[in-house]
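Shown next, in structure tokens, is the structure this report addresses.
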Amino acid sequence: MVKVIASSVRKGNVLDVDGKLYVVLTAANFHPGKGTPVTQVDMRRIVDGVKVSERWRTTEQVERAFVEDVNFQYLYEDGEGFHFMNPATYDQVVVDVDTMGDQKAYLQEGMTCILSIHEGIPLALELPRHVTLEITETEPVVKGQTASSSYKPAMLSNGIRTLVPPHINAGTRVVIATEDNSYVERAKD
């Protein structure tokens, strides 16, 4: 086990808390005006899927479990789960729906992801930081709105809603941050 400070914990990390393995679903650092900065972590216990919330001081030590982070390529989804292949060894693993969570919306065939594997079992999946998707629908531009920094709602080709600048129209390909579903830039392709 490796001890790390709580503020360095990220989504997808596997932690050992009281002898049980947990995968981190969300991690956020809070710095109140008065008081000690804290890290709020939502986790899922690997053995039974129970979700737990923890709060640590940002300087507290937490144990990261030894997991192997390996690049895998997404192949397809079926009734068994999500199939990935290790491009170096051609080994295939199946990630279940619970482990995948809400990240499945961003999966694209051939996409390279990082799987955290502990004793041959995939525990967590880390998507690329950015993906390119197409805007399927958005509101029309309101005259005079382009000068301000306001954003308008838009629907992405994977069914997720996001906010985009007023000059983006339906059919435009955009780069989206997978961590928080936010608009990054217009796609360059």
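Here Ile46 meets the list (1) open to solvent by 70 Å² or more (accessible area, probe 1.4 Å); (2) touching a Ser or Thr at 6+ places or on another chain (Cβ under 9 Å) almost entirely, failing just condition (1).
Pairing residues of region 7-20 that are closer than 18 Å to Arg57 by Cα with residues that are part of a loop (DSSP other than H, G, I, E, B) and among the β-branched types (Val, Ile, Thr), at Cβ distances under 8 Å and at least 6 apart in sequence or on separate chains, gives Ser7/Thr58; Ser7/Thr59; Leu15/Val9. Candidates are the residues of region 84-111 that are part of a loop (DSSP other than H, G, I, E, B) and open to solvent by 70 Å² or more (accessible area, probe 1.4 Å); the one that is nearest to Met43 (Cα to Cα) is Asp96. Among the residues of this structure, Val14 counts as one that is in contact with a Leu (Cβ under 9 Å, 6 or more places away or on another chain) and either at pLDDT 85 or above or aliphatic (A, V, I, L, M) (or both).
Give Val97, Val52 a once-over and let me know the one that is among the β-branched types (Val, Ile, Thr) and in contact (Cβ under 8 Å) with a residue 24 or more places away in the chain. Give the steps one after another, and end with the answer.
Details: Val97 fails: in contact (Cβ under 8 Å) with a residue 24 or more places away in the chain.
Among Val97, Val52, only Val52 is among the β-branched types (Val, Ile, Thr) and in contact (Cβ under 8 Å) with a residue 24 or more places away in the chain.
Of all the criteria given as (1) closer than 12 Å to Tyr106 by Cα; (2) of a type outside the set (A, V, I, L, M, F, W, C); (3) modelled with pLDDT of 85 or more, the one not satisfied by Thr178 is (3).
Scanning region 32-79 for residues that are of a type in the set (Lys, Arg) and more than 16 Å from Ser116 (Cβ to Cβ) gives Lys34, Lys51, Arg55, Arg57.
The values are calculated or read from the model by the stated rules, or taken from the named source; none is laboratory data. The structure displayed is predicted, hence computed values, not measured ones. Reconstructed Cβ throughout: ideal geometry from the backbone, glycine too, with neighbour counts over all protein chains shown. These area figures cover heavy atoms from the full protein model, side chains too; ligands, DNA and RNA do not enter into them. Shrake-Rupley method; radii C 1.70, N 1.55, O 1.52, S 1.80 Å.
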